[in-house]
1. Quick one: in the range 22-76, of everything that is surrounded by 14 or more Cβ atoms within 10 Å (Cβ to Cβ) and basic (Lys, Arg), which residue is nearest to Ser137 (Cα to Cα)?
2. What pairs come out if I take residues in the range 94-115 that are among the acidic types (Asp, Glu) and pair them with residues that are surrounded by fewer than 16 Cβ atoms within 10 Å (Cβ to Cβ) whose C-beta lies under 9 Å away, six or more apart or interchain?
3. In the range 109-130, is there at least one residue being within 23 Å of Gln15 (Cα to Cα), buried (at least 16 other Cβ atoms within 10 Å of the Cβ), at pLDDT 90 or above and among the aromatic types (Phe, Trp, Tyr)?
4. Within the range 12-49, how many residues are among the β-branched types (Val, Ile, Thr) and closer than 16 Å to Asp81 by Cα?
5. Restricting to the range 34-69, and then to whatever is of a type in the set (Ser, Thr, Tyr) and at pLDDT 85 or above, can you tell me which residue is farthest from Lys124 (Cα to Cα)?
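The values are calculated or read from the model by the stated rules, or taken from the named source; none is laboratory data. Quick caveat, the model's predicted, so the values are computed rather than measured. Note that each Cβ is placed from the backbone with ideal geometry, even for glycine, and that neighbours are counted across all protein chains shown.
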Amino acid sequence: MKITEALVAEHLVFQNLLDHVEKVAPAMKTLAELKSLAALTAAMLDAHSRTEDALLIAPLEPSFEQLGQRQTFHDEHHLIDENLALVQRAKNLKEARHLILTTVVLARNHFDKEERIVFPMADKMLKAKTLNELGQSWLHQRKSTAG
């Protein structure tokens, strides 16, 4: 499996998580509930972002640099992470709800950009063998963190 295929599959899982967050966050009655949901979302997205940065973004850094987009993708990951961290520091339910729902929009936009720009770029610029090797590295990382 190519790394791009693996990451698209992870995005599908995250889209389901984000659907759930959008559905339940407006009805949550306590700040603790929202903070718990944000912590779960943050943990899952953090693992994905670290893997994505190490296995896909790093080999494409020169291409991003040429396009002037190198920092953009790192900044988007950071902004998503920061918003979820802000949920943990929120003092009231309304603020936390706004932050987590804003993060859903940010994450969806980021995934869309990766699927429209980054993954096709990787498929075009990296050799099939490299994409498959990176896919194997992804699988190895997932197996080692799961077990």
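1. Going through the qualifying residues, I end up with Arg70.
2. Between residues of the range 94-115 that are among the acidic types (Asp, Glu) and residues that are surrounded by fewer than 16 Cβ atoms within 10 Å (Cβ to Cβ), the close pairs are Glu114/Val8; Glu115/Val8.
3. The answer is yes; a qualifying residue exists.
4. Our first condition is that a residue be among the β-branched types (Val, Ile, Thr); within the range 12-49, this holds for 13, 21, 24, 30, 41.
The next check asks that each one be closer than 16 Å to Asp81 by Cα; those that pass are 21, 41.
The qualifying residues number 2.
5. Kept after step one, since they are of a type in the set (Ser, Thr, Tyr), are these residues of the range 34-69: 36, 41, 49, 51, 63.
The next check asks that each one be at pLDDT 85 or above; those that pass are 36, 41, 49, 51.
On the way: Ser36: 40, Thr41: 31, Ser49: 21, Thr51: 20 Å.
Within the range 34-69, the match that is farthest from Lys124 (Cα to Cα) is Ser36.
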